[in-house]
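Step one of this worksheet: look at the structure below.
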Amino acid sequence: MVPIGIVDTQVSFDFLAGTLTKPKIWAEPHSVIAMYAPVTIWCQGSWEAKRYHLFKEGSTDPWDQQSPLEDSDKVKFYIQHMTEDFAGIYKCYYQSPAGWSEHSDTLEMVLTGVHDNPSLSVWPSPAVTSGETITIQCSSSLGFGRFILIQEEKHHLQWTLDSQPNANWEFQAHFVLDPVTAIHNGTFRCYGYYRNHPQVWSKSSDPLHLLVSGLGRYQKVLIGVLVSLLLDLVVWMLWVNKTCSLQICENFKYFVRFSISCSICILTGCFLHPISSSEIFYW
């Protein structure tokens, strides 16, 4: 992609604040992109916008400029092959008849796959019970300054730690999850990067599948309700046996016995087949 030109006013980001709608910036399919994969940066502003400008941190000139279509309030900046040249922090703004907009929030474009992948392990086990403590270790023989641990799928949690050298001349980071909860159920990967290139990451580690199981809060509530109901039914059964002998009471006795049997079956199922924490969390 070739820069189209230089803005005549040569203004900086801080000078562009105004009363126009603040533009939004995002990347598709994601802002963390594998090497040589395509990616699109979008900038959305106002229907009155005539020209959008994309800036990359470290440069005073626009990295690219685009004019929107007549029926659109946004433009796209397409990168056909993601490389180190495109990794960095971006902002955009637009020009309209009313003047310049303020700049958007920052967008960090990360390139992965540049360095060899680190290794990923967990102690004591990848199969844990909710409430326990685990340590996830990311390590590499390369001198990465930091490691990033990412959880995939629904939550997209992310942690970053400085690396520490060990006795084997490897660099590592220990991510402690204390306590493990339902949101930690899923797949983890880690990456490493050098401090002077924070948007240029290594290849992904092999995936680590964390399975969190145990009684969750909904199941505990259900058990509590069933136990309370069961005790009430037993009390009713004892009272009916002592005080009632009519046919209507006999029918009530059958109902109480049936309810007690159902409650016992449900309670037995809760203990013999515990619901996993992920199932409980996503109800």
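Apply 1/(1 + (r/R0)^6) to the Cβ-Cβ distance of Glu57 and Val176, taking R0 = 35 Å, and write down the FRET efficiency to the nearest 0.05. Spell out each step's value before the answer.
Numbers: r = 33 Å, r/R0 = 0.93.
For Glu57 and Val176, the calculated efficiency is 0.60.
Identify the residues of the range 30-52 with backbone N under 20 Å of a label point that sits 7 angstrom from the Cα of Ser72 along the Cα-to-Cβ direction, or state none.
30-31, 38-52, by backbone N distance to the label point.
In percent, how large is the relative contact order of the range 13-112, given Cα pairs closer than 8 Å and 6 or more residues apart? Could the numbers behind the result be given before it?
Values: 252 pairs, mean separation 39.1, N = 100.
Once divided by the residue count of the range 13-112, the mean separation gives 39 percent.
Quote the relative contact order of the range 116-213 in percent (integer), defining contacts as alpha-carbon pairs under 8 Å separated by 6+ residues.
Details: 243 pairs, mean separation 36.5, N = 98.
It comes to 37 percent, rounded to a whole number.
Thr187 versus Lys24, label points 7 Å from Cα toward the beta carbon: distance in nm?
2.8 nm
Which residues' amide hydrogens lie under 5 Å from the amide hydrogen of Trp201, considering only partners 5 or more residues apart or on another chain, with H built in the peptide plane?
Excluding prolines and chain starts, which carry no amide H, the hits are Leu111, Thr112, Gly113, Val114.
Tally Lys/Arg at +1 and Asp/Glu at -1 over every other residue whose Cβ is under 15 Å from the Cβ of Gly143; what's the total? Display every interim value, and only then the final one.
Values: positive: Arg146, Arg195; negative: Asp116, Asp162, Glu170.
Around Gly143, the charge tally is -1.
No lab work stands behind these numbers, since they all come straight from the coordinates. These numbers were taken from a predicted model, which means no experiment stands behind them. Because the Cβ atoms are built from the backbone with ideal geometry, glycine has one as well, and the counts that use them run over all protein chains shown.
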